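The values are calculated or read from the model by the stated rules, or taken from the named source; none is laboratory data. Every value quoted in this text rests on a predicted model; they were computed, and no experiment measured them. Backbone-built Cβ (ideal geometry, glycine too); neighbour counts: all protein chains shown.
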Amino acid sequence: MSIHVAKWRSPSNIALVKYWGKHANQIPANPSLSFTLNECYTETEVTFSPKQSSSEFDFEVLLDGKLEESFKPKIEKFFKTIVHKAGFLKEYHISIKTHNSFPHSSGIASSASGMSALALCLLTLKSRLEEKEQTNFLQKASEWARLGSGSASRSVYGGLVQWGESANSPSSNDQYATPFQGEVHEVFKTFKDYVLLVEVGSKSVSSTAGHGLMNNHPFAKKRFEQAHKNLAKLESILESGNLEAFGNLVESEALTLHAMMMTSQPYFILMKPNTVKIIDLVWQFRKETNTPLYFTLDAGANVHLLFPASAENEVKTFVESELKGYLRDGRYIKDSVGEGAIELK
Ligand code: 2P0
């Protein structure tokens, strides 16, 4: 039995219209649309070698060269979900070596980049073992990534990516993400995202648990309807390049996501005092300078600053002089829209 290796780099992504709430088998309760990032990524190398134990899945996960037991349950669950299409998972010892470009547990969506990188490696190995190219490789990788983690489905493609069925987009799908099909104004093709690290370390409530709390949530139905409407609005904003409308929509989406957390049962808050302080300062800065600077939030305390590349000098000065003091060790990542996942040889 020979040894097989595959290696991919897959980026994180930031949702503009948020996925929050799902049905069985990782089917999203509403469609979402994201920017793929560039600097925040995971590199994963998967090696298949002769099996060493009789366990169903004989695998190890190494983060920066050290065994990481805490990653295993989510990966084992993922293997169980895809094993009917990937019987080879039971036949090998699987070594998963992974590295994040961003600080571990920084609250940056490592499951999006991590699960998409893993799905891409496994699908590459499937092609090698079967000695045939996969048709619709990225579509299949996105579907596998979704089964590992919903937001990961969007990370295989670059630019703007949609996941989840919507009325205006015939190619949109709950099973896998697709590159956004609408017209996109030039300004959004080089958009910036500075990721401000307010809090590092693991979150009090995982995203998976948070999604679960949307079942029986008193405002769920209205929220899912709103996401559909916001997606339709965003489609025309992306075409027109109307930055003010863009900012209004993405900030409202971010605050709605956190409002859903605060109004679930049990309720919880992932923002920290400095998250709110930064939002307040961004609003003040925008009012005083007219700079098109907007924020969004992920399921955590960190703040993503979104702005056109033309505003980068002003924003950099603002972050350095006004915001740095509210960040963990003054840390932030200067990111921008990226090209999507790449195979590493
Ligand atoms: C998103 N998030 O659209 C939303 C917005 C966080 C806030 O998808 O349970 O890690 O693995 O499918 O994808 C985070 O949830 O959850 C997420 P699972 P996931 O990006």
Taking region 25-67, which residues are out of contact with any strand residue (DSSP E or B) (no Cβ under 6 Å at 6 or more places or on another chain), within 13 Å of the ligand (Cβ to nearest atom) and not in a strand (DSSP E or B)?
25, 26, 30
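Applying the selection to region 147-160, what residues are in a helix (DSSP H, G or I) and either more than 8 Å from the ligand (Cβ to nearest atom) or of a type in the set (A, V, I, L, M) (or both)?
Within region 147-160, 147, 152, 153, 155, 156 qualify.
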Among (1) more than 12 Å from the ligand (Cβ to nearest atom); (2) in a helix (DSSP H, G or I), where does residue 133 come up short?
(2)
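Each row is one residue, and each column tells you yes or no for (1) of a type in the set (S, T, N, Q); (2) more than 18 Å from the chain's Cα centre (by Cα).
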residue: 166; (1), (2): yes, yes
residue: 180; (1), (2): no, no
residue: 185; (1), (2): no, yes
residue: 193; (1), (2): no, no
residue: 196; (1), (2): no, no
residue: 201; (1), (2): no, no
residue: 205; (1), (2): no, no
Being touching a strand residue (DSSP E or B) at 6+ places or on another chain (Cβ under 8 Å), modelled with pLDDT of 95 or more and under 30 Å from residue 119 (Cβ atoms) narrows it down to one residue among 319, 282, 250; which is it?
250
When you scan region 92-110, do you find a residue that is within 12 Å of the ligand (Cβ to nearest atom) and in a helix (DSSP H, G or I), even just one?
yes
Which of the residues that make up region 1-24 are part of a loop (DSSP other than H, G, I, E, B), within 13 Å of the ligand (Cβ to nearest atom) and either without any contact (Cβ under 8 Å) to a residue 40 or more places away in the chain or not aromatic (Phe, Trp, Tyr) (or both)?
18, 21
Run down 219, 180 and say which single residue is farther than 30 Å from residue 70 by Cβ, of a type outside the set (Gly, Ala, Ser) and buried (at least 19 other Cβ atoms within 10 Å of the Cβ).
180
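Results for (1) away from the ligand (no atom under 16 Å from the Cβ); (2) buried (at least 19 other Cβ atoms within 10 Å of the Cβ); (3) over 18 Å from the mean Cα position of the chain (by Cα); (4) not assigned by TED's automatic domain parsing to the domain that holds residue 169, shown as yes or no for each residue.
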{"position": "208", "(1), (2), (3), (4)": "no, no, no, yes"}
{"position": "224", "(1), (2), (3), (4)": "no, no, yes, yes"}
{"position": "232", "(1), (2), (3), (4)": "yes, no, yes, yes"}
{"position": "235", "(1), (2), (3), (4)": "yes, yes, yes, yes"}
{"position": "246", "(1), (2), (3), (4)": "yes, yes, yes, yes"}
Looking only at region 86-103, count every residue that is within 27 Å of residue 195 (Cα to Cα) and either of a type in the set (Gly, Ala, Ser) or outside the structural domain of residue 49 (by TED's automatic domain parsing) (or both) and tell me the total.
1
Any idea how many residues of region 176-226 are in contact (Cβ under 8 Å) with a residue 60 or more places away in the chain and either in a loop (DSSP other than H, G, I, E, B) or under 23 Å from residue 11 (Cβ atoms) (or both)?
26
